[in-house]
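All of the numbers you see were taken from the coordinates with simple rules; none came from a lab. Predicted model, so just to flag it, every value in this text is computed and none were measured. Reconstructed Cβ throughout: ideal geometry from the backbone, glycine too, with neighbour counts over all protein chains shown.
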Amino acid sequence: MPYPVTLPAPLWRTNPGVQVSLAAWGRSALRGLVGGLNRWPLEAAMPAMGVLASMPALPQWESGGAGASRSPEPVFDPLAYHAPVLPEEVLHFLQPSPGKLFLDCTLGGGGHSELLLAAGAEVIALDQDSEALAHARLRLQQYGSRFRSYQSNFRYFPHVLEEAGISAVDGILADFGVSSHQLDDAPRGFSFIREGPLDMRMNREDGQTAADLVNHAEPGELVRILREYGEERQAPRIVRAIVKRREQRLFETTLDLAQVIESVIPRHGKKTHPATLTFQALRLAVNDEMTVLDEFLAQVPRWVKPGGRVALISFHSGEDRPVKQALARYSTEWLDRPEWPEPRRNPDFCMRLLTRKPVEATEAELKRNPRARSAKLRAAERLPQSA
Ligand SMILES: C[S@@+](CC[C@H](N)C(=O)[O-])C[C@H]1O[C@@H](n2cnc3c(N)ncnc32)[C@H](O)[C@@H]1O
């Protein structure tokens, strides 16, 4: 096993968010291998991505690795799992080079990590999803000890760094939300167009499922979740329908819920499915994403070296707002209020903002990866300690 799959005992024992299972790793690696992956014209996309041109030749699935079958098929196609968004922009802001160390908080399919590794940097990567880790570990094994990965929620990233003996990094990357693979994989239960169990947990070894929430939460709590996390204006109507239905029969599957929502909110020719916002809201609640994001943002500056950088990619306004506010707080030197006789120095001032406005995907990227359409990247640089 070329990479650590266990964390030091004190970390995973004391920390419910950090769980590592060797058996799960082997099982999911095997599923990925025998299940095969969709093929995507990676070779065609790579020149367009420019920055990827120097990447090593595509790895083939190894035989004899963790749970691998002896068959040399299929060809490993990294972008079929998840195409990394804003790749050139991430490289531009993080400036990876040999000798630098980056923390990738959301490893996913390993696309962003691979960009950093291919530029010669070292990467320590986290994901709470054991399947994503298994996939990315295989993909990135060619980088040897320059790549380390752990199963952990990124709210605990300081513990992981501490346990790895790292006091600060040259850059932190976070690409929030779920991967294309998670969204498209019906058994994960994120999709309102694919039948699957109503699950939506990124870490399937922990926490309550979307079915638990939909079947048992108080109606008022469900309305709050739909409003707060989905900005769903029809929240009370949808929740009334959910409650009526669960009194007769509990929800078990994704399409079951999607159909109940569609029965009270017809499409009326709209492009988006009427269950879109409800599914987004439930996913955020199930994974406690907004609390996790706040905890993460509060800890980021302490772990970036002077001159080091952060690049944070969000996909909806609920995510982008706290990112924007946190970076504004860290990059504002003076605070002023009408009741103060004079401005005061901001005790949180420690960064320089690199993006006044969020950076979005170019037309060229949207053509090859339409899922990048709502991606917003914000970046900042840690000031020298003396500042
Ligand atoms: C958008 S994907 C990242 C894709 C990745 N940048 C790539 O290039 O393939 C987000 C990943 O982050 C993981 N994730 C989301 N929230 C997390 C959290 N709080 N802690 C750890 N991993 C998380 C998800 O499981 C998913 O695999």
(request) Quick one: dipole size for segment 345-387, taken about the Cα centre, charges +1 on Lys/Arg Cβ and -1 on Asp/Glu Cβ, in debye to the nearest 20. (result) 100
(request) Output the pairs from Lys305/Lys376; Lys271/Lys324; Lys271/Lys357; Lys270/Lys357; Lys270/Lys367; Lys271/Lys376 with a Cα-Cα distance over 26 Å in this structure; if there are none, say none. (result) Lys271/Lys324; Lys271/Lys357; Lys270/Lys357
(message) Rounded to the nearest 20 debye, what is the charge dipole size of segment 205-286 about its Cα centre when +1 sits on each Lys and Arg Cβ and -1 on each Asp and Glu Cβ?
(response) 580
(request) Assuming a ≥ b ≥ c are the square roots of the Cα gyration tensor eigenvalues, decide whether segment 299-346 counts as rounded (a/c under 1.5), prolate (otherwise, with a/b larger than b/c) or oblate. (result) oblate
(request) Starting from the Cα gyration tensor of segment 267-381, take the square roots of the eigenvalues, sort them a ≥ b ≥ c, and report rounded, prolate or oblate (rounded when a/c is under 1.5, otherwise prolate if a/b is larger than b/c, else oblate). (result) prolate
(request) Please report the base-10 log of the normalised intensity I(q)/I(0) for segment 75-170, using a Debye sum with one equal scatterer per alpha carbon and no solvent, at each q in 0.12, 0.15, 0.18, 0.25 (1/Å). (result) -0.34, -0.54, -0.79, -1.47
(request) State the volume of the convex hull built on the alpha-carbon positions of segment 205-286, expressed per residue in Å³ and rounded to an integer. (result) 91
(request) Between beta-carbons, use under 9 Å as the cut-off and find the net charge around Pro301, counting Lys and Arg +1, Asp and Glu -1. (result) +1
(message) As a footprinting exposure proxy, order Glu262, Glu333, Glu89 by other Cβ within 10 Å, with the fewest listed first.
(response) Glu333, Glu262, Glu89
(request) Choose one of Thr253, Asn215, Ala275: the residue whose Cα lies farthest towards the positive end of the charge dipole of segment 205-286 (beta-carbon charges +1 Lys, Arg; -1 Asp, Glu; about the Cα centre). (result) Ala275
(request) For segment 144-270, count the residues as N, evaluate 2.2 N^0.38 Å, and divide the Cα radius of gyration by that value, please. (result) 1.35
(message) Can you find, among Ala361, Gln325, Val300, the residue sitting farthest towards the positive end of the charge dipole of segment 299-375, where Lys and Arg contribute +1 and Asp and Glu -1 at Cβ?
(response) Ala361
(message) Per residue of segment 336-352, what does 6.51 cos²θ - 1.76 cosθ + 1.60 with θ = phi - 60° give for ³J(HN,Hα)? Whole Hz please, x for Gly and Pro, Karplus curve as stated.
(response) 9, 9, x, 7, 8, x, 8, x, 10, 6, 6, x, 8, 5, 7, 9, 10
(request) Distance between Cα centroids, segment 350-366 to segment 103-161: provide it in whole Å. (result) 23
(request) Using only Cα atoms, locate the centre of segment 294-314 and the centre of segment 246-286, then give the distance between them in Å, rounded to an integer. (result) 35
